[in-house]
1. When you go through (1) surrounded by 17 or more Cβ atoms within 10 Å (Cβ to Cβ); (2) more than 23 Å from residue 125 (Cα to Cα) one by one for residue 8, which number turns out not to apply?
2. In segment 97-200, which helices (runs of 4 or more DSSP H) lie fully inside it and hold 3 or more residues that are in the same structural domain as residue 74 (by TED's automatic domain parsing) and modelled with pLDDT of 80 or more?
3. Just give me the residues in segment 93-123 being more than 28 Å from residue 72 (Cβ to Cβ), within 18 Å of the chain's Cα centre (by Cα) and in contact (Cβ under 8 Å) with a residue 40 or more places away in the chain, in sequence order.
4. Considering only segment 41-72, how many residues are more than 25 Å from residue 153 (Cα to Cα) and modelled with pLDDT under 90?
5. Filter segment 20-59 down to residues that are crowded, with 17+ Cβ neighbours inside 10 Å and under 15 Å from residue 127 (Cβ atoms), then give me how many there are.
6. Give all pairs with beta carbons closer than 8 Å in which a residue from segment 1-28 that is free of Cβ contacts under 8 Å to residues at least 40 places away in the same chain meets a residue that is surrounded by fewer than 16 Cβ atoms within 10 Å (Cβ to Cβ); count only pairs at least 6 apart in sequence or on separate chains.
């Protein structure tokens, strides 16, 4: 790697850090997605200049995915799950083609996680769900000896942590905050329910609650599924 490529990578990494930190300040999901799009472009190019092809290509693919999320959010519609799954397959395929070490699993896992998280509409919840992947990115940078990128990603992770703490303090009601996060991310389904299709049948679930209530506790009859995995038809055995 030449010194010129290294310097270009650091400049792009600094730009990406600045843009992504700004994206954590906005309240609108559309603006968050738009800033994330430009941030990932700079972030992906920085990885390419230091020879981390897997992370770079996946980051650039994520830019296109953000564009799709932005387009559908602007229309006040939800991105079709088929498109999201297509991007996940592309992330996996790009990672396999450029695989160089076991640490390449980190950027792959992070961007797959981002795909699920971007189905959430509340930007505050999205920020909270971004922290762990961002912290893992610092670990990846250190393992591939991209120390300057590790410093920049560390700044982004710390900035994000501050934003999460600020959101938590402003809420004044921690239990309400976590309840809202749980409700946003997960959907309840009764134990003993087999599901199929692509939308949830609330009426069937409610009717099933009467049948499946436990005499000792109701909680043992409840399963929690990510909202991304919602199903439409519920049959019982």
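1. Condition (1) is where residue 8 drops out.
2. Here the list reads 105-117, 123-143, 147-171.
3. 104
4. Final tally of qualifying residues: 0.
5. Total satisfying the criteria: 10.
6. Close Cβ pairs (under 8 Å, with a partner that is surrounded by fewer than 16 Cβ atoms within 10 Å (Cβ to Cβ)) amount to 23/31.
The values are calculated or read from the model by the stated rules, or taken from the named source; none is laboratory data. Source: prediction; values computed, not measured. Note that we place each Cβ from the backbone using ideal geometry, even for glycine, and neighbour counts take in every protein chain shown.
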